[in-house]
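Here's the structure, in structure tokens; my notes come after.
The values are calculated or read from the model by the stated rules, or taken from the named source; none is laboratory data. All values reported here derive from a predicted model rather than from experimental measurement. Because the Cβ atoms are built from the backbone with ideal geometry, glycine has one as well, and the counts that use them run over all protein chains shown. These area figures cover heavy atoms from the full protein model, side chains too; ligands, DNA and RNA do not enter into them. Shrake-Rupley method; radii C 1.70, N 1.55, O 1.52, S 1.80 Å.
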Amino acid sequence: MFENIGMAEILVLVVAGLFILGPERLPEAAAWVGRAVRQVKEFATGAQNHLKKELGPEFDQIQQPLNDLRSLRSLNPRTAITRSLFSDDAATPPVKPNGFAPGPGAGAAGAAALGGAAASTPAPVRPPQPPLAADERPPVDPDAT
């Protein structure tokens, strides 16, 4: 709730409150604010529980777009790179539509090369392919760079 307020801002608010309210009324005002915040949280939780009870499984469907929007907040280059290099999903590399599994330098092996958590995971091995006929062309990998 107060993730954007740092310690310096809180200190400024306390000092301003001390000057405005005085030392004898400041603890009383702080207790009132604490009670008001707690009551608002209880009202919000109660309303959410009431909606969840009334709507049942439809509540999750309504809440899904909001959860998707919340997940977009965490999108920045640092988290994207960290997630792609060091996530548990990298331990099992994706298999492309043509059956090619990426070799060393991709997925978990790339994280291992950087000293990541998946350092003990062996590099995936490409399965042997039968030789091509004389008039046959190799499959095209659209994701190849």
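Of the set (1) open to solvent by 100 Å² or more (accessible area, probe 1.4 Å); (2) modelled with pLDDT under 75; (3) aromatic (Phe, Trp, Tyr), all apply to Phe43 but (2). For the stretch 46-80, the set of residues classified as among the acidic types (Asp, Glu) and surrounded by 10 or more Cβ atoms within 10 Å (Cβ to Cβ) consists of Glu58, Asp60, listed by residue number.
Within the stretch 21-34, identify whether any single residue is open to solvent by 80 Å² or more (accessible area, probe 1.4 Å), modelled with pLDDT of 80 or more and of a type in the set (A, V, I, L, M), and answer yes or no.
No, the stretch 21-34 has no match at all.
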